[in-house]
Structures are given as structure tokens and as C-alpha cells.
Amino acid sequence: MTLPSTRTDRPNILLICTDQQRYDTIGAYGNEHVRTPNLDRLAGDGVLFENCYVQNPVCSPSRASLMTSRYPHAHGLWANGVQLPDHEQFFTKALADDGYDCGLVGKLHLSACKGGRLEPRHDDGFRVFRWAHDPYPGSSENQYHRWVKTAFPELYAEAQTPGRSGFDNLPTEAHYSRWIGNETIDFLQSSRDRSRPFCFVANFFDPHHGFGAPKEYLERYQPDELPRPVTRDGELDGKPPILTEASKESYGGHARGYLSYSADELQQVKAAYWAMVSLVDDEVGRILAALEAEGLADDTIVVFTSDHGEMLGDHQLMLKGPMMYDCAVRVPLIVRWPGQLPAGERRSELVQWIDLAPTFLEAAGASPLSRGQGTSLLPLARGEQDAVTRGWALCEYRNSGHPYDPAVHTTMLRTGQWKIVVYHGLPATDRDRTGELYDLAADPQELTNLWDNPDHASERLRLQEMLIDVLVATEDRSQPRLDHF
């Protein structure tokens, strides 16, 4: 049995993760309209990664990749509603085994949670586990519901009343995001084991749909002053047919599609989305202030990121699904570690969500996950000349959420200036394969699909062949070879 490490110089780890937040919703990423002073300050004190890609455009598979450092085709949680296999290893369990005090508040989503399901615990290493899948009526074990029902019984009753605005628009003091901030601050001030370094995961639910925020935050934004969706007339005519279907109904029929919104309604949704981002930003500010007040700031790695993005009307689409546009699969990633990483620097290299777990484990001096597939970002973050980078990013979608008929399976490879998205179906030699190909240097907004353009046929073939090589290279070969036969 390996005893936990007794080292006292190991950093604390604070992972702050949102749900469905695009990379371009933070001032530090170039958005001149959104108000995110705390995240901007965090970026100024740390390293901002400009091109971080998640491994799946929907929640559960992406979050499983974060926790296990494995691609969806390796860890097995291939779609929302699927349960992560029990044998998968979490980086938080590795840290706990190595002496860290681990905790979580908010969403986890590594199993089915619809209809009041209680998400089962894995061997996750969390001593503190304040689980709440989302703010909506569901499991009786939802800790947010328990809190708001006790602290604000009248607001709780009103939110449950049919025809009312529900939980999204509750006042700030009773909001889900405020609860996440409160629980995180409580851990820093009261609940942590002060004899050990900690790893705490604060999982916000916003800026997820259904697009609501407290009144004071909605008033910060005027819808008609915000940028309009990124698209052009006829854009979807040259793209795979499923994108036209998704424009009519979002998420396989689960929610309203782009075409059901008026132009004014789309702007109101954007205003609410940015209002949620600003609310999260304020809570991040409160958390960072508590970290400072406890004398922990200099000894803590703070990471801010999100599990995937949101279409938000761009490309005539809403929410998420089999879309591999940057607004759906590219997320913010900011890493601050005072005295160990430079301040105010940016990295343009392609990195992936599976790289976070090995980053934490290396910083903690812990052994890497035996089946992990990611690479620590610390050398790159430090600016080391010989830092190893892949030069590509992989993202997979496998008929997730509310499935389409026929099933939709897509795989994206981003490399250099190019992005290719292959749409898979039943193997057939007589079927024309469909897909997307973008030259991001000439077309950074991904408006023009070059898949069928004969001038780019050789580039398409090269990238398809590279994708095959990447998929083979990322197979799980963790089982040891015992002998040569």
C-alpha cells in the first residue's frame, strides 16, 4: 500500500468550470462588449490558452474526458445519458490517494440525470461532495434545492409554480451561481482539511440554457447593442443536411431551433447569456477574494474553463449537438500559478481538455494516470522552448443527447489552419460521404464549406488520412503485453 505523500510544498488546486461557455465570452479573449473584470484580471495574472478544444461538444462525454484524461472512444461515456464505466480512473482520486483533500460543488454529469435520477458516485476521491446537477426540479439529493428551499422558502415555492419564471431568474442571493460561490468560499474558509493541500472543483451550471439571469444582470446589457449572429444568407445550403434540420429544432427536437426565434429574440437570448457570464464572473471575483483573504492565493493553481460552447445563433444554430464550429468546441482556459507560471502571457498552440488532469498531477508531484492520454501543459505554460505539443486537436460526437434519426456521428480534426469534420454512417462503398472543411486562415468564421470544392480535394484527402492516423494513435493500449505471444 502506498502511503500519502507528506510533502508540504505542493500547490493547492482550484478548478473553476462553467457549463456551455464559448471561448469568446470573456474580455481577455477579445470580446469588447461583455463585462468580465475578474476573469480578465485572472488572465492578466496567469497564462491564457487561445486554442483549447474539448473532446466532445456535449456535457457528459466532455466531462468524462476531463476527469479521466481520456478520449470518449477510450473512456466509453460516448453520449449524454450513458454512464461512465466504474473502472475509469479520476485525477481527483489519484490526488486524494497522494494526500490531497478533494471536494466538489455543483454539476458532475457522468451518468444519466434526467427525470430525477440520482447520479451514482464513482471512486472519485471527493471528501466533500455537494452535488447538484442543475437548478431545475430533479433529484431529492440536489443540494442546491435543499439550500434554496431552506434559505429562501418563498422564492423556492414561487420557482416551482407553473407559469412563473422558474429558477433561472431568481434574485442573485438565491441563484444557483451564487450558491456555487458560497459553497466554494465555505470550503476555503471552513471545510478544508488545513493539514493537507486541497483540490476543489467548482462546477457552475451557467451560462447554460434556458437563458435566464437575475434582473440586475439582465439590465447590464441592451440586446440591440450586441453583435448579431455570425452567418450569411444561404450558409447552410453548402453544408451537411443535419445542420439544416438542427436549425429547425435544437438538440434533436429537445429545444427551440434558430428558425423559431425572431431577430429580436435572438438578441435577448444573447443578452441573457452574457448576463449569466457576468454573474459567474462576479462569483469568481468573490472566490478569488476569499482565496486571498485566507492567505492561499500564492500557493494555489487556479484554472478557469468550460465543458463546451454554445451556438447562440451563429451559423443559424442554437445550443449544441453534432456541430464542430469553434463556438461549440473551443473553450476558455486560463491558468494562474503565482511564482511558477508567467503572468499576462498567451499561448496559441492547440491544447485539449484531456491535458488538464496530467497538468494537475504533475504540479502536485503525483504519478500520472495509468490510462491517461493527455499531456501536461506546464512546460508550454512556462514557455519552455522544447515543450511538446501535438499540433492537432480531436473532438468526437456520437449520436448524443436527444438522438437524431438516422443517427449522427461526427469527428473533427483541427490542425494548423485547417479543420475537417467527417460525418460517419454505415460503411457503404456507393454512398457519397458528407462533411465540412474549413480554411481557418482565410475563413476564421467557418462560413464557407470547402468539402466538395475540387480545388481543395487534395487537402481534404490529406486530412482524412491524418484523422485515421490520429484515431489509431489514440486507441487505448493500456493493457500490458505479457510476452511476445
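At a glance:
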{"quantity": "Sparsely packed GluC sites (Glu not before Pro) within segment 1-90, loop by DSSP, other Cβ within 10 Å at most 14", "calculated": "32"}
{"quantity": "Alpha carbon convex hull of segment 360-429, projected area averaged over orientations, nm²", "calculated": "8.2"}
{"quantity": "Relative contact order (%) - the chain, alpha-carbon pairs under 8 angstrom, separation at least six", "calculated": "24"}
{"quantity": "Efficiency of FRET from Cβ geometry, residue 118 and residue 367, R₀ 35 Å, rounded to 0.05", "calculated": "0.65"}
{"quantity": "Whole-percent carbon and sulfur share, accessible surface of the chain, 1.4 Å", "calculated": "48"}
{"quantity": "Per-residue [θ]222 nm for the chain (sum of -39500 (n - 2.57) over DSSP H runs n ≥ 4, rounded to 500)", "calculated": "-8000 deg cm²/dmol"}
{"quantity": "Proportion of all alpha-carbon pairs of segment 204-297 beyond 24 Å (%)", "calculated": "40"}
{"quantity": "Virtual spin-label span in nm between residue 224 and residue 349, 7 Å along Cα→Cβ", "calculated": "4.8"}
{"quantity": "Between segment 275-309 and segment 407-481, the alpha-carbon center distance in angstrom", "calculated": "36"}
{"quantity": "14 Å Cα-Cα reach of residue 149 towards aspartates and glutamates, excluding residues that sit fewer than 8 places from it in its own chain", "calculated": "141, 158, 173"}
{"quantity": "Solvent-accessible area per residue for segment 161-309 (1.4 angstrom probe, square angstrom)", "calculated": "38"}
{"quantity": "Calculated log₁₀ intensity ratio I(q)/I(0) where the Debye formula runs over C-alpha points of segment 89-135, q = 0.18, 0.29 Å⁻¹", "calculated": "-0.56, -1.10"}
{"quantity": "Candidate lysines for bridging to residue 248, where Cα separation is under 16 Å - those fewer than 8 sequence places away on the same chain excluded", "calculated": "239, 320"}
{"quantity": "Farthest toward positive dipole pole in segment 174-258 [+1 Lys/Arg, -1 Asp/Glu at C-beta], among 244, 201, 190", "calculated": "190"}
{"quantity": "Volume of the Cα convex hull of the chain, divided per residue and given in Å³", "calculated": "165"}
{"quantity": "Alpha-carbon Rg/Rh ratio, for segment 345-485, with Rh computed the Kirkwood way", "calculated": "1.02"}
{"quantity": "Nearest-20 debye value, segment 352-485 charge dipole, Cβ charges on Lys, Arg, Asp, Glu", "calculated": "360"}
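The values are calculated or read from the model by the stated rules, or taken from the named source; none is laboratory data. Values in this document were obtained by computation on a predicted structure and should not be read as measured data. Positions of Cβ are generated from backbone atoms using ideal geometry, with glycine treated the same way; all protein chains shown enter the neighbour counts. Surface accessibility is based on the protein's heavy atoms, side chains included, excluding ligands, DNA and RNA. Shrake-Rupley method; radii C 1.70, N 1.55, O 1.52, S 1.80 Å.
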